[in-house]
Amino acid sequence: ILNNVHLMPNWLVELEKKLDEYSSDGSHSKFRVFLTSDPSKSIPVGILNRCIKLTNEPPTGLKANLKRAWCFFSKESIDDADSKTKSILFGLCHFHSILMERKQFGPMGFNMKYPFSIGDLRDSATCLQNYMDNSGGGKI
């Protein structure tokens, strides 16, 4: 597995040559290389042509984004949380959904893209849980 290959465009040319070399030498039939990347024009066409490309796009619409964010958390973790924590967690999911939906309005004046990914949502929920555990049930 090679992650974030868009960050090393010069090395990708060498990788393409190595893959050509392996295929001409008769590599094992189960040999696979997994690459992850952001969209980039610097990835060689030869590598792109050999790949199966998968994308993970956020759903469109505030409701779909909210459902995706809320469903990220397990039912058990939501059921175990008290009502204050559930309410704040829902607020975090709503905030995440708004930021994901807002990206499509870039040309209409919203020119800042905030990288609030599902990992950031998870980390925010962890911070929330730590705060709630240490607050002793006091006012928020």
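The values are calculated or read from the model by the stated rules, or taken from the named source; none is laboratory data. A quick note: this is a predicted structure, and the numbers were derived from the prediction, not measured. We place every Cβ from the backbone using ideal geometry, glycine too, and count neighbours over all the protein chains shown. Accessible surface areas use protein heavy atoms only, side chains included; no ligands, DNA or RNA. Shrake-Rupley method; radii C 1.70, N 1.55, O 1.52, S 1.80 Å.
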So how many residues does segment 69-90 have that are touching a residue at least 40 places away in the same chain (Cβ under 8 Å) and under 19 Å from the mean Cα position of the chain (by Cα)? 3
So, of the residues in segment 60-75 that are open to solvent by less than 70 Å² (accessible area, probe 1.4 Å) and assigned to a loop (DSSP other than H, G, I, E, B), which turns out to be nearest to residue 97 (Cα to Cα)? 61
Residue 91, sole failed condition from (1) at pLDDT 85 or above; (2) over 30 Å from residue 134 (Cα atoms): (2)
Which number in (1) modelled with pLDDT of 85 or more; (2) within 23 Å of residue 102 (Cα to Cα); (3) not aliphatic (A, V, I, L, M) marks the one condition that residue 57 misses? (1)
Please find, among 88, 52, 78, the residue that is in contact with a Lys or Arg (Cβ under 9 Å, 6 or more places away or on another chain), of a type outside the set (Phe, Trp, Tyr) and either surrounded by fewer than 12 Cβ atoms within 10 Å (Cβ to Cβ) or in a helix (DSSP H, G or I) (or both). 78
So is residue 82 among the charged types (D, E, K, R) and closer than 30 Å to residue 127 by Cβ or not? yes
Does segment 32-44 include one or more residues that are surrounded by fewer than 12 Cβ atoms within 10 Å (Cβ to Cβ), among the hydroxyl-bearing types (Ser, Thr, Tyr) and in a helix (DSSP H, G or I)? no
When every residue in segment 120-136 that is within 15 Å of residue 91 (Cα to Cα) and acidic (Asp, Glu) is compared, the one surrounded by the fewest Cβ atoms within 10 Å (Cβ to Cβ) is 123
Check on residue 103, closer than 15 Å to residue 117 by Cα, at pLDDT below 85 and open to solvent by 60 Å² or more (accessible area, probe 1.4 Å): yes
